[in-house]
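Here's the structure we're looking at; comments come further down.
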Amino acid sequence: MLNKNDTLILIGDSITENGRFEDPQEIGIGYAAIIHDFLTVKHPELNLTVLNKGIGGNRVTDLEARWQQDVIELEPDWVSISIGINDVWRQFDQPEMEQVHPELFEEVYDRLLKQVVDRTDAGIILMEPTIIQEQTDSKENLTLKPYIEATNKLASKYQAILVPTHQAFQNYLEAGSKVPLTTDGVHMNSKGDILMASTWLHSFYKS
C-alpha cells in the first residue's frame, strides 16, 4: 500500500494541528505525531514524508480556502482529512456567526474530494469527526450525527478509507471508563490521541 518516498498529508483543525507550529519538524504532539512515528519506525526503508497541515479553528470551508496550496500543489500520495468538529461547535459557542450546516458541509467536502481525484493520484482517508463533550447523548454529539453520516457517505462515493473515529470514541464512552480522553470535551489528551491514531492505523492497514 505504501511505496518508497510516499507523502502523506494529515489535514484538519486544532485536533490535527496540536503543537504543529511549536515543533521544529511541524508534526506536533498529537495523533499526527503518533502516526508519523509509527510509520517511520515500521517502514524505515520507504523514506516516507508525513506532513501535518492542521490549523486550529478550521471548518470545511476553511479547508477549501487553502486546499490548492496545502494539498493539491504538494502532490501527495495520500491525504487524510479530519474535519467537522468546528462546523458543529461554532453553532454552540459562536451562534452569531455564519454557520456550516450539514448540507453545506457535504457540498464543500464533496468539492474538495473531487479535486483530489481529478488533480492528483492520492489515496483518500476520511476520519469521522470525533466528539464534542464526553457524553454520548450531549446536544453537540447529537448535532454531529449528520456530519458523520456525510463523511461516511463521501467515503463510499470516493472509495476512500474510512476511519471510524467517532464510533471508536462512542464505544469507549459506552464502556463506562472514568478516564477522560480530552482536556475540554474536544481537544485530545494523550489518551485521546492514542485512540485516534490506533483507529487510523487499524483502518489503514486493513484496507
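The values are calculated or read from the model by the stated rules, or taken from the named source; none is laboratory data. Source: prediction; values computed, not measured. As a convention, Cβ positions derive from the backbone with ideal geometry for all residues, glycine included, and neighbour counts pool all protein chains shown.
Here are a few things to note about the model shown:
- Selection from the stretch 58-96 of residues that are charged (D, E, K, R) and within 15 Å of the chain's Cα centre (by Cα): ARG59, ASP62, GLU64, ASP70, ASP87
- For VAL60: the one exception among (1) in contact (Cβ under 8 Å) with a residue 60 or more places away in the chain; (2) touching a Phe, Trp or Tyr at 6+ places or on another chain (Cβ under 7 Å): (1)
- Look at the stretch 83-95: where a residue is under 12 Å from ASP13 (Cα atoms) and of a type in the set (S, T, N, Q) and a partner is buried (at least 24 other Cβ atoms within 10 Å of the Cβ) and at pLDDT 95 or above, sitting 6+ places away or on another chain with Cβ atoms under 6 Å, you get ASN86/ASP13.
- Residue match in the stretch 105-121 (condition: on the phi < 0 side of the Ramachandran plot, part of a loop (DSSP other than H, G, I, E, B), in contact (Cβ under 8 Å) with a residue 12 or more places away in the chain and surrounded by fewer than 16 Cβ atoms within 10 Å (Cβ to Cβ)): yes
- The residues in the stretch 168-190 that are surrounded by 14 or more Cβ atoms within 10 Å (Cβ to Cβ) and either among the hydroxyl-bearing types (Ser, Thr, Tyr) or assigned to a helix (DSSP H, G or I) (or both) can be counted, and the count is 6.
- Scanning the stretch 124-167 for residues being hydrophobic (A, V, I, L, M, F, W, C) and part of a helix (DSSP H, G or I) gives a total of 6.
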